[in-house]
Amino acid sequence: MIIFNGSNENAEDIIECAGTILSTPYASMPYMRDFGITSEAFTDFNKSGDGEYYTQAVDQIEAWEERASVSEITCITDSSIIKPEVVLEDGE
């Protein structure tokens with residue numbers, strides 16, 4: 001889940017773009033081989049906030065979506081599935 005707490009008038013587009021970044025397997029986009037999240041990041045995802053997913057999510061949003069920056073990533077547990085909740089704010 002992605003939440004945008006900024007004032008940018010393109011909030012819906014920013015959320016969509018961030019969702020694409022965070023759901024795309026790393027190196028799977030032709031001509032954009034540095035785009036996406038590695039499969040290892042999903043296996044290293046944990047509730048403590050120090051996993052590889054956190055690092056890659058912040059790095060990828062900073063690299064590909066200049067209109068937003070990550071302010072917080074938390075976990076939501078749905079049954080036995082842990083899902084990230086990424087909170088964005090206006091970028092620089």
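May I ask you to evaluate 6.51 cos²θ - 1.76 cosθ + 1.60, the Karplus curve with θ = phi - 60°, for each residue of the range 72-79 and list the ³J(HN,Hα) values in order in whole Hz, giving x for glycine and proline?
Calculated HN-Hα couplings, in order: 6, 10, 10, 10, 10, 9, 10, 6 Hz.
Residues with amide H under 5 Å of I3's amide H, sequence separation 5 or more or different chain, H placed in the peptide plane at 1.01 Å from N; which?
V86, V87, L88
Any chance you could look up the accessible area of S39 with a 1.4 Å probe, heavy atoms only, rounded to 10 Å²?
Solvent-accessible area, nearest 10 Å²: 80 Å².
Could you state the accessible area per residue of the chain in Å², with a 1.4 Å probe and every protein chain left in place?
Numbers: 5730 Å² over 92 residues.
On a per-residue basis, the chain sits at 62 Å².
Express in nm, to one decimal, how much length is gained between S80 and N8 on full extension, taking 0.36 nm for each residue of separation and deducting their alpha carbon distance.
Stretched out fully, the S80 to N8 stretch lengthens by 22.4 nm.
Using amide H atoms built 1.01 Å from N in the peptide plane, name the residues 5+ places from Y26, or on other chains, whose amide H lies under 5 Å from its own.
Hits under the 5 Å cutoff: I37, T38, S39.
How large, in percent, is the carbon and sulfur part of the accessible surface of the range 1-76 at a probe radius of 1.4 Å?
For the range 1-76, the apolar C and S fraction of the accessible surface comes to 49 percent.
What do you reckon, how do M32, M1 stack up by accessible area (1.4 Å probe), largest on top?
If we order M32, M1 from most to least accessible, we get M1, M32.
The values are calculated or read from the model by the stated rules, or taken from the named source; none is laboratory data. In this text, all values refer to a predicted model and were calculated from it rather than measured experimentally. Side chains are part of the model used for accessible areas, which takes the heavy atoms of the whole protein and leaves out ligands, DNA and RNA. Shrake-Rupley method; radii C 1.70, N 1.55, O 1.52, S 1.80 Å.
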